[in-house]
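What follows is one structure encoded as structure tokens, with my remarks underneath.
The values are calculated or read from the model by the stated rules, or taken from the named source; none is laboratory data. Keep in mind the model is a prediction, meaning the values are calculated, not measured. Don't worry about glycine lacking a Cβ; one is built from the backbone with ideal geometry, like all the others, and counts go over all protein chains shown.
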Amino acid sequence: MEPVGISHFMAVGAIMFVCGVVSMATKRNALGVLMGVELVLNGANVNFVALSSKFLTTAPGRSLGLDGQFIALFVIVLAAAEAAVALAITLNFYNNHSTVDVDRADELKG
Amino acid sequence: MDLSTALPTLLGIAWLLPLASFTLIVLFGPRMGKHGLGAGYLATSAILFGAVCSWLALIFWFGHYGFKPAEHGAEAHAVAAAETEHGETEHAAAEAATAEHAEQSAGHDESPRAYTNDLYTLGQFGSLKITISYYIDALTVGMFAMVTLIGTCIHFYALGYMHDELHDVTDHEVTLADGQHLHRRGRFHRFFQYMSLFCFSMLGLVYAGNIAMVFVFWELVGICSYFLIGFYIERKSASNAANKAFIVNRIGDFGMIVGLMALWGSLGTFAFGDVKNADGQIERGIFSQVRDPANGHALTVPDGMVRAAAFDAVEEIAFKHPARLAPGAAASEIESRIPTWREQRYGYWLLVIAGVGIFCGCVGKSAQFPLHVWLPDAMEGPTPVSALVHSATMVAAGVYLVGRFFPAFAPEVLLVIAYTGGITLFLAATIAITATDIKRVLAYSTVSQLGYMMLALGVGGWAAGLFHLLTHAFFKSLLFMCSGSVIHATHTNEMPKMGGLLKKMPYTGYTMLVGCLAIIGAGVPFVFGFSGYYSKDAIVAQALSFSQSNPLHGSIFFYTAVGGAAITAFYMFRLWYMTFAGEPRDHHIYEHAHESPKVMYRPLIVLAVFAALVGCTVPDWVPLVGGLGVQNLLEQARPAGETGAGVLLAGLAYPNEHASHSHDIHVPATLYAFSTALGGFLLATVFYGVRWLNPADVKQQFLPIYRFLIGKWFFDELYDFLFVRPCYFIAFLIASLDRRVIDGFIDNTARWTRKLASIDDLIDRYFVDGLVNLAAAWIYSLGTSLRGLQTGKLRQYVMLIVIGTVALFVLINFASAR
């Protein structure tokens, strides 16, 4: 049995990412889409944290320090801000159209 | 205070005060008091203070030099008392003065007492120096006193005369296109603005110490005259008269410019007297060049003129001199030849041309014979203007300039002046006989009297001419102001509508009688007379004295002068009788006539006193003021040297003016002048006073002559035919040339330009615009085809992003694998 290494974390991140993308591509409910976005972002976060963790690297002296963790924190903050804006838009959309179906939101089409 | 600083200062203040008044009125005129009334007070007080300064200067002059003319050899200093502004030059000046003094006491010592210096150098261009300078002698002081006194009287008078202008005016002589009379704002302040400017210019003309400055102020008085004649500018007659005066004066001034060029080109200076320059050297003025003190003030053609006239020979020497390389050799050679050339009369013509040129300006300004036509028309101006500008001062400026320039006139020039004056005198006097407009009679009388002055100067009567200038200024301004008072009362200029006004307006009537008596030269022969008696006598005596040495010319002048005296007496009393005596001819006018307000008739009384007394000389035995008189004052300014004999006209000989005072000339002259004037007076009395003869019958008998005179010798028609019509014709030709050729050319050019432009327009529209539009169309169609991609389906976009990303990875993988 192989110990838990970097590739395992990356596999989890990839699964989260793909789930998120599929969720964005298939959900018609705007909230579902937003959840998908969160999944994508957090999938990426997992990769950042894993890749910069000093416990997981094999080659000593090649550590990235805390860079990955900080970027992950930034992403979380950004995701929170983005979610707030997106929820506000969704709420407005619901007020105007009495629905949150993203397929109905096609007013900006060419 | 030294006289050499006191006089320029006092007269300078008198000169500049009206300028200050003018400036203030220009800037603030309409806001000065109610309707600009304050402007009148300002201008009047400016000239009043000027008069105070001028009379102070006169008193200083008398206090320093006494009343009597200089005894020969008594006190011959104060020549060209150039002021020294810098301490270091003072010593040199004193030295020069002593040297000059010594030279004079050794030789001739009749140099006039004159003060001259530069005040300010406006500019120096090579040897051409334009300065503001002064030349003050007894004549200047006398003129200042006269101009400012008369100016003050007339300003006061105008305060009353112009009161109509204090409120809105309806001009009944101007009918507008809609049939209404012109209604305009009053222009009280504007009148006084120009009067102030005029006083400044006139005083500057008299003050001036060089001929260029004279010319500047000469033009300034001309433009003031133009403004004032055209004061009622909306009247066609007034604007025409203003133009006429201005244009006719330009003709004279053209001659003057020629004279100025001749003078400056040959003498290199404009200054009258000798002026000390910044280096302490004396720059010789015109007078001392023409009349060299070293040569006994005899008329000498100056070196400069000789050199200029003999330019061929000068050139020959300058370029072909054998010792050309030696510095100054040619110059000294030329210098040594000058006396020879002068003997050969080189340069004399230049002197004559310069003199005649300067006189041309005087002909225009003083309304002498060929150019006299403007003055009668100038009567369109308000009467105070006629009194000040067109009788007393500005028109006398020509006579003044002839008097000022007298030393530089050759005998031949003087003969020209005498003939011009004689013709003018006779011509204008005859026209005055038939004129019925009261102001025009006075205008022609002015022309005639100016002719008298020119005649006097032309026959060598320097003092006589200028004496008449001063006395005439007083009585003629008085006469004009009286006529203005009459016009003010009757609202008409036509004498046939007046008559019997003496009862209604006694002050005006009696002061005008004094004026008439003064102009005809009334008096008790050899005892006492009005001012004109003395001055006219002096002229007739000088003409008689001249005729004894030149029988041919002289007798013409003498009989003209004597005949003129008779005609003057006739028309002046015709005027007085028609206006003031007899029965009223127009009862409506008579009923409404009234004496003028005090502000108007009080100046008349002042002037009447002067008109009566200004000619007298206090007898020598009277204590304190013995010898006080205009004649003696003028004698103090008499130019040094004899007029001499003609060079080009052999036999032309000018007697000394003092010869005319001798008993055997003076007595017959007085008798001639007095008896002819008496004859004219009696004739007028017979016709218009007691009416023994009916003027209408006489008119019938001499109808052709009457027509000739009432048509003013048809000078206007002649000039119209000779100059105005050809001018119009040439203008017409040029206009049609303009219209056909030049306009045609321009029109064709425009047409071709339009055609070219339309072609250019096509290119622009189809080629340049086409390219731009094509590009736009392409981009538009590209945009249209791309808009299909923008479906608005969110899930589709995500799918596209995913597919794109995957494709990108696959591509990169393949690319890096290789």
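Can you tell me which residue within the stretch A:17-34, out of those that are surrounded by fewer than 16 Cβ atoms within 10 Å (Cβ to Cβ) and part of a helix (DSSP H, G or I), is nearest to the other protein chains (Cβ to nearest Cβ)?
It comes out as A:THR26.
Please give the number of the condition B:VAL275 fails out of (1) farther than 20 Å from B:TRP341 by Cα; (2) surrounded by fewer than 21 Cβ atoms within 10 Å (Cβ to Cβ); (3) not basic (Lys, Arg).
Just one mismatch for B:VAL275, condition (2).
Would you pick out the residues in the stretch B:218-253 that are closer than 23 Å to B:THR121 by Cα and crowded, with 21+ Cβ neighbours inside 10 Å?
B:TRP218, B:VAL221
Only residues in the stretch B:789-818 that are more than 20 Å from A:MET35 (Cβ to Cβ) count as the first member; pair them with residues that are among the small types (Gly, Ala, Ser), Cβ under 9 angstrom, at least 6 apart or cross-chain, and list the lot.
If the second residue must be among the small types (Gly, Ala, Ser), the pairs left are B:LEU789/A:GLY110; B:GLN790/A:GLY110; B:THR791/A:GLY110; B:GLY792/A:ALA105; B:GLY792/A:GLY110.
Per-residue answers, yes or no, for (1) within 14 Å of chain A (Cβ to nearest Cβ); (2) loosely packed, with under 11 Cβ neighbours inside 10 Å:
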residue	(1), (2)
B:TYR719	no, no
B:GLY788	yes, yes
B:THR791	yes, no
B:LEU800	yes, no
B:LEU808	no, yes
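So if I check each of A:ALA50, A:ALA14, A:ALA72, which one is out of contact with any His (no Cβ under 8 Å at 6 or more places or on another chain) and either within 14 Å of chain B (Cβ to nearest Cβ) or of a type in the set (Ser, Thr, Tyr) (or both)?
Checking each option against the conditions leaves just A:ALA14.
Within the stretch B:556-568, is there a residue that is within 17 Å of B:ALA464 (Cβ to Cβ), modelled with pLDDT under 90 and touching a helix residue (DSSP H, G or I) at 6+ places or on another chain (Cβ under 8 Å)?
Checking the stretch B:556-568: not a single residue is within 17 Å of B:ALA464 (Cβ to Cβ), modelled with pLDDT under 90 and touching a helix residue (DSSP H, G or I) at 6+ places or on another chain (Cβ under 8 Å).
Among the residues of the stretch A:58-65, is any aliphatic (A, V, I, L, M), surrounded by 17 or more Cβ atoms within 10 Å (Cβ to Cβ) and more than 11 Å from chain B (Cβ to nearest Cβ)?
no
Go through the stretch B:274-286 residue by residue and tally those that are touching a Gly at 6+ places or on another chain (Cβ under 7 Å), of a type in the set (Gly, Ala, Ser) and modelled with pLDDT under 85.
0
Quick one: would you say A:ALA44 is within 30 Å of A:SER7 (Cα to Cα), within 14 Å of another protein chain (Cβ to nearest Cβ) and part of a helix (DSSP H, G or I)?
Yes; evaluated as a whole, the condition is true for this residue.
Filter the stretch A:91-110 down to the residues that are at pLDDT 85 or above and within 12 Å of chain B (Cβ to nearest Cβ), then identify the one that is nearest to B:LEU794 (Cα to Cα).
A:VAL102
Going by the structure shown, is A:ASP106 in contact (Cβ under 8 Å) with a residue 40 or more places away in the chain, within 29 Å of B:THR791 (Cβ to Cβ) and surrounded by fewer than 16 Cβ atoms within 10 Å (Cβ to Cβ)?
Considered against the rule, which asks whether it is in contact (Cβ under 8 Å) with a residue 40 or more places away in the chain, within 29 Å of B:THR791 (Cβ to Cβ) and surrounded by fewer than 16 Cβ atoms within 10 Å (Cβ to Cβ), A:ASP106 comes out as no.
Working carefully through the options B:ALA611, B:ALA653, B:ALA640, B:ALA659, find the one that is among the small types (Gly, Ala, Ser), modelled with pLDDT of 85 or more and closer than 23 Å to B:VAL540 by Cα.
Just one listed residue meets the conditions, B:ALA611.
Does the stretch B:443-464 contain at least one residue that is within 22 Å of B:ALA696 (Cα to Cα) and surrounded by fewer than 24 Cβ atoms within 10 Å (Cβ to Cβ)?
Among the residues of the stretch B:443-464, not one is within 22 Å of B:ALA696 (Cα to Cα) and surrounded by fewer than 24 Cβ atoms within 10 Å (Cβ to Cβ), which makes the answer no.
Criterion first (within 30 Å of B:PRO376 (Cβ to Cβ) and either in contact (Cβ under 8 Å) with a residue 40 or more places away in the chain or surrounded by 12 or more Cβ atoms within 10 Å (Cβ to Cβ) (or both)) does B:ILE730 satisfy it?
Here the answer is no, as B:ILE730 does not meet what is asked.
Among the candidates B:ALA669, B:ALA637, B:ALA677, which residue alone is aliphatic (A, V, I, L, M), part of a loop (DSSP other than H, G, I, E, B) and surrounded by 20 or more Cβ atoms within 10 Å (Cβ to Cβ)?
None of the others qualify; the one that does is B:ALA637.
Residue by residue through the stretch A:75-90, note down the ones that are surrounded by 14 or more Cβ atoms within 10 Å (Cβ to Cβ) and within 14 Å of chain B (Cβ to nearest Cβ).
Residues satisfying the conditions are A:ALA86, A:THR90.
Conditions (1) acidic (Asp, Glu); (2) at pLDDT 95 or above; (3) assigned to a loop (DSSP other than H, G, I, E, B), marked per residue:
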{"site": "B:CYS153", "(1), (2), (3)": "no, no, no"}
{"site": "B:GLU165", "(1), (2), (3)": "yes, no, no"}
{"site": "B:HIS172", "(1), (2), (3)": "no, no, no"}
{"site": "B:GLY186", "(1), (2), (3)": "no, no, yes"}
{"site": "B:PHE191", "(1), (2), (3)": "no, no, no"}
{"site": "B:ALA245", "(1), (2), (3)": "no, no, no"}
